[in-house]
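Below: the structure, in structure tokens.
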Amino acid sequence: MWLDDFGTGYSSLSYLQSFHFDGVKVDRTFVQDIESNKKNQDLVKAIISLANTLKIDTVIEGIETEAQAAVLQDFGCITGQGYYYAKPLPASAFEQQWLNIKK
């Protein structure tokens, strides 16, 4: 089970204490201007560290540029999603792309 949009809305830290999660998906609002925004950098580093301590996976949402991906990779983020990697696709198109990659 994953906790989506972590750090915003109803995704409270108390959920991590009360429920067993396999991972957290960090909301994209923390990725916007992460290259220059020290506060966002510190928040994302802290979330990744917290997740590592709790032995749960982290996915960062909303990665749109190579610079954002590089910063997040420097922070130890190994899983991300966003337009930098691919635009949203119907399942059938994704399957076809995946088959082409595996060839």
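The values are calculated or read from the model by the stated rules, or taken from the named source; none is laboratory data. Not measured: the values here are computed from a predicted model. Please note: Cβ atoms are built from the backbone with ideal geometry, for glycine as well, and neighbour counts cover all protein chains shown.
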Quiz prompt | Unique match (being aliphatic (A, V, I, L, M), buried (at least 17 other Cβ atoms within 10 Å of the Cβ), modelled with pLDDT under 95 and under 19 Å from residue 19 (Cα atoms)) among 59, 44 | solution = 59
Self-check item: Scope segment 82-97; condition of a type in the set (A, V, I, L, M), farther than 18 Å from residue 62 by Cα and either touching a residue at least 24 places away in the same chain (Cβ under 8 Å) or surrounded by 10 or more Cβ atoms within 10 Å (Cβ to Cβ) (or both); matching residues
Solution: 93
Quiz item: Cβ-Cβ below 8 Å, separation at least six or inter-chain, first residue in segment 20-38 and on the phi > 0 side of the Ramachandran plot and basic (Lys, Arg), second surrounded by fewer than 16 Cβ atoms within 10 Å (Cβ to Cβ) and part of a strand (DSSP E or B): which pairs?
Solution: none
Exercise. Hey, could you check segment 72-81 for residues that are more than 13 Å from residue 61 (Cα to Cα) and in a loop (DSSP other than H, G, I, E, B) and say which is modelled with the lowest pLDDT?
Key: 76
Quiz prompt | Meets criteria (charged (D, E, K, R), touching an Asp or Glu at 6+ places or on another chain (Cβ under 8 Å) and within 28 Å of residue 44 (Cβ to Cβ)) for residue 66 | solution = no
Practice problem: Please find, within segment 62-76, the residue that is surrounded by the fewest Cβ atoms within 10 Å (Cβ to Cβ) out of those that are free of Cβ contacts under 8 Å to residues at least 40 places away in the same chain, out of contact with any helix residue (DSSP H, G or I) (no Cβ under 6 Å at 6 or more places or on another chain) and not charged (D, E, K, R). | Solution: 70
Quiz prompt | Per-region count, segment 22-41, residues modelled with pLDDT under 90, in a loop (DSSP other than H, G, I, E, B) and buried (at least 17 other Cβ atoms within 10 Å of the Cβ) | solution = 1
